[in-house]
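Structure, as structure tokens:
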Amino acid sequence: MRKRLEDGWYQGIQHCPSPNFNKRPQGEISLLVIHNISLPPGQFGTGQVQAFFTNCLQADAHPYFAGIASMTVSAHFLIERDGSMVQFVSCLDRAWHAGVSSFEGRENCNDFSLGIELEGTDHLPFTDAQYAALTQLTRALQQAYPAITSARICGHSDIAPGRKTDPGPAFDWARLRASLMTDKEAS
């Protein structure tokens, strides 16, 4: 199935609706924020990110979970290590991914941003499949929401410096930016 964005949902991928969202105050979508996550930390393919974003994480399943199980957070998308994608919140709605944040002097980035989580850590390289999926998804989002220019794609660490470090030094920004260049920009 060909992937396409329809009514704020990316068709052709898994949908795992999260209750952790609300309406955007102005409906604006003009920023893309890249994150990383793994639950438990450093472990992949556990399904625990999906549990966390849908308020189903069992606090006693791992010592780390006790401190986060009661949190109500989400992101619009998760890209797993094999490149498969999951969507939790419609792009038209406000996912709770950025927290206390500011971009170009404007606070509350959740109000106007989309959040993409990459399954990973700050210090482990992301996979080729993740970069391919991220490029495909980002292109679709930029086409649907033209205010998301290349200058308006950032990391969680950029909008919450000192509080957040993701996507971390292992994320290859040059690789992502090169993959997003159109033929016109490349010439």
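Candidates are the residues of the range 140-154 that are out of contact with any helix residue (DSSP H, G or I) (no Cβ under 7 Å at 6 or more places or on another chain) and of a type outside the set (A, V, I, L, M); the one that is most open to solvent (accessible area, probe 1.4 Å) is GLN143. Annotation for the range 53-72: no member residue is over 13 Å from the mean Cα position of the chain (by Cα) and under 19 Å from SER157 (Cα atoms).
Residues in the range 1-46 that are farther than 18 Å from ALA69 by Cα, without any contact (Cβ under 8 Å) to a residue 40 or more places away in the chain and either of a type in the set (S, T, N, Q) or in contact with a helix residue (DSSP H, G or I) (Cβ under 8 Å, 6 or more places away or on another chain) (or both): 1 in all.
Hey, can you tell me all the residues within the range 111-134 that are open to solvent by 10 Å² or more (accessible area, probe 1.4 Å) and touching a His at 6+ places or on another chain (Cβ under 8 Å)? Across the range 111-134, the qualifying residue is only GLU117.
The values are calculated or read from the model by the stated rules, or taken from the named source; none is laboratory data. Just so it is clear, the model here is predicted, and its values are computed rather than measured. Virtual Cβ from ideal backbone geometry, glycine too; neighbours counted across all protein chains shown. Side chains are part of the model used for accessible areas, which takes the heavy atoms of the whole protein and leaves out ligands, DNA and RNA. Shrake-Rupley method; radii C 1.70, N 1.55, O 1.52, S 1.80 Å.
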